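Below: the structure, in structure tokens.
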Amino acid sequence: MKRNMMISSILALLMIVGLCKVAFGGGGFEGSGCEPENLPPPNSGPYLYGIFTVARDKSECTLFTHPDECGHYNVHAVLFRETKLHLFSFTSSMGVGDLCDSGIYNKWIKNEFASYPCMLEVGEAFGFGSTKYTPVITKVSIIKKDSCGTLDEMIYGLVTIRLVPHK
């Protein structure tokens with residue numbers, strides 16, 4: 001029981017530290033070294049696999065009175081490699097389009113989230129230093145869509161990240 005509580009506490013602390021780095025670091029890509037155009041091609045390195053959910057953040061918007069404020073989405077991801085598992089969470093402003101339109105969103109989500117693994121230092125969470133590896137999303141697949149076209153829309157999918165070694 002104590003071991004499970006300690007592991008949960010450590011995971012929560014890691015997630016809080018990661019989110020604080022994004023929040024206090026300006027919350028964006030500029031100057032972080034994680035800009036999408038600076039990410040290396042994912043042609044070598046170990047893989048991380050995971051599942052994710054994306055849901056609209058409805059806390060401060062309604063489509064009827066403030067539709068321009070409904071473009072914030074909460075993203076939760078569970079990444080794993082061998083026996084290690086880590087949780088990550090962030091908020092992204094993705095616009096007010098239909099999240100369920102996978103023809104557009106599969107590729108768009110991959111591009112929209114391109115810098116987050118780097119900014120959240122997912123490689124370090126798995127013991128791969130950020131000075132030696134850059135995490136790059138290689139594949140995003142949407143598995144399930146729900147409540148499409150409403151404020152409750154949500155998607156569930158799979159993600160593959162490659163930890164590309166620096167030259």
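The values are calculated or read from the model by the stated rules, or taken from the named source; none is laboratory data. All values reported here derive from a predicted model rather than from experimental measurement. Note that we place each Cβ from the backbone using ideal geometry, even for glycine, and neighbour counts take in every protein chain shown.
Structure notes:
- Annotation for segment 94-109: no member residue is among the charged types (D, E, K, R), assigned to a loop (DSSP other than H, G, I, E, B) and at pLDDT 85 or above.
- Number of the exception - residue 128 against (1) touching a residue at least 40 places away in the same chain (Cβ under 8 Å); (2) over 16 Å from residue 112 (Cβ atoms); (3) part of a strand (DSSP E or B): (3)
- Taking segment 130-167 as the range and being among the small types (Gly, Ala, Ser) and either within 26 Å of residue 59 (Cα to Cα) or buried (at least 18 other Cβ atoms within 10 Å of the Cβ) (or both) as the test, the residues that pass are 147, 149, 157.
- Taken over segment 134-152, the criterion of being farther than 18 Å from residue 77 by Cβ and touching a residue at least 40 places away in the same chain (Cβ under 8 Å) is satisfied by 148, 149, 151, 152.
- Conditions (1) over 11 Å from the mean Cα position of the chain (by Cα); (2) among the aliphatic types (A, V, I, L, M); (3) at pLDDT 90 or above; number of the one not met by residue 151: (3)
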